[in-house]
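**Student:** My structure is below; once you've seen it, I'll send some questions.
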Amino acid sequence: MIHWRYPRFIIRPYCFANNTYFDLSAQMPEILAHWQTLDLDPQAILLGYLGPKALKVWQTWLPKFKTVPLVVIDPVMGDNGQLYRGFDQNYVDAMQALITQANVITPNPTEAQLLLGESPNADALTPQVASQLAERLRNGLRFRLC
């Protein structure tokens with residue numbers, strides 16, 4: 001079996017062209033179940049923009065991939081101090097739970113504030129403010145900063 005240094009597969013259920021998407025969340029459980037029947041040995045999982053339906057799928061399925069050494073989650077849900085259209089506090093709460101299964105998370109400042117239960121703002125981000133936000137995120141969610 002060939003061992004790759006890069007991910008062999010990526011699920012990307014949404015496309016951002018003109019803020020439209022093709023929702024594959026209904027097919028994802030079948031796809032993931034099929035993957036478990038194959039001789040796959042993924043070395044990483046990268047999750048980005050999920051949307052509410054796909055996030056629910058990954059809440060169920062991500063624990064089944066415990067042997068994957070690297071799980072990276074970009075909790076895409078807002079920017080410039082605001083949640084994206086279609087997201088609400090229930091989505092933030094679900095994402096807070098999902099990211100506990102990640103080794104690495106990559107939130108932008110708005111997403112970090114939302115994950116911490118803070119009111120997001122679009123204030124200018126200085127290096128000092130960014131460092132303080134990262135520290136609060138690390139302490140609040142028990143992540144290790146790299």
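**Student:** Just a yes or no: is a residue in the range 26-46 under 29 Å from residue 134 (Cβ atoms), among the β-branched types (Val, Ile, Thr) and touching a residue at least 40 places away in the same chain (Cβ under 8 Å)? Step through it out loud before you land on a result.
**Tutor:** Kept after step one, since they are under 29 Å from residue 134 (Cβ atoms), are these residues of the range 26-46: 42-46.
Subset that is among the β-branched types (Val, Ile, Thr): 45.
If we keep only those that are touching a residue at least 40 places away in the same chain (Cβ under 8 Å) as well, we get none.
No: zero hits.
**Student:** Right, here's the next one. Filter the range 49-72 down to the residues that are out of contact with any helix residue (DSSP H, G or I) (no Cβ under 8 Å at 6 or more places or on another chain) and aromatic (Phe, Trp, Tyr), then identify the one that is least open to solvent (accessible area, probe 1.4 Å).
**Tutor:** Ranking the candidates gives 65 first.
**Student:** Criterion first (surrounded by 13 or more Cβ atoms within 10 Å (Cβ to Cβ), at pLDDT 95 or above and over 10 Å from the mean Cα position of the chain (by Cα)) does residue 92 satisfy it?
**Tutor:** yes
**Student:** Filter the range 1-28 down to residues that are modelled with pLDDT under 90 and not in a loop (DSSP other than H, G, I, E, B) and give me whichever is most open to solvent (accessible area, probe 1.4 Å).
**Tutor:** 18
**Student:** List the residue pairs whose Cβ atoms are under 6 Å apart, where the first residue sits in the range 80-108 and is touching a residue at least 12 places away in the same chain (Cβ under 8 Å) and under 22 Å from residue 46 (Cβ atoms), the second is among the aliphatic types (A, V, I, L, M) and open to solvent by 60 Å² or more (accessible area, probe 1.4 Å), and the two are 6 or more positions apart or on different chains.
**Tutor:** Sorted first by the residue in the range 80-108, then by its partner, the pairs are 103/70.
**Student:** Report every pair of residues separated by at least 6 positions or lying on different chains whose Cβ atoms are under 9 Å apart, first residue within the range 117-137 and farther than 16 Å from residue 77 by Cβ, second of a type in the set (Val, Ile, Thr) and in a helix (DSSP H, G or I).
**Tutor:** 123/129
**Student:** Please state which one of 137, 114 is surrounded by 12 or more Cβ atoms within 10 Å (Cβ to Cβ), over 30 Å from residue 37 (Cα atoms), modelled with pLDDT under 90 and among the aliphatic types (A, V, I, L, M).
**Tutor:** Values: 114 fails: modelled with pLDDT under 90.
It is 137.
**Student:** Residue 76: surrounded by 20 or more Cβ atoms within 10 Å (Cβ to Cβ) and among the hydrophobic types (A, V, I, L, M, F, W, C), yes or no?
**Tutor:** On the way: surrounded by 20 or more Cβ atoms within 10 Å (Cβ to Cβ): yes; among the hydrophobic types (A, V, I, L, M, F, W, C): yes.
Considered against the rule, which asks whether it is surrounded by 20 or more Cβ atoms within 10 Å (Cβ to Cβ) and among the hydrophobic types (A, V, I, L, M, F, W, C), residue 76 comes out as yes.
The values are calculated or read from the model by the stated rules, or taken from the named source; none is laboratory data. Predicted model only: the values in this text are computed from it and were never measured. Note that each Cβ is placed from the backbone with ideal geometry, even for glycine, and that neighbours are counted across all protein chains shown. What goes into the accessible areas is simple: the full protein's heavy atoms, side chains included, and nothing from ligands, DNA or RNA. Shrake-Rupley method; radii C 1.70, N 1.55, O 1.52, S 1.80 Å.
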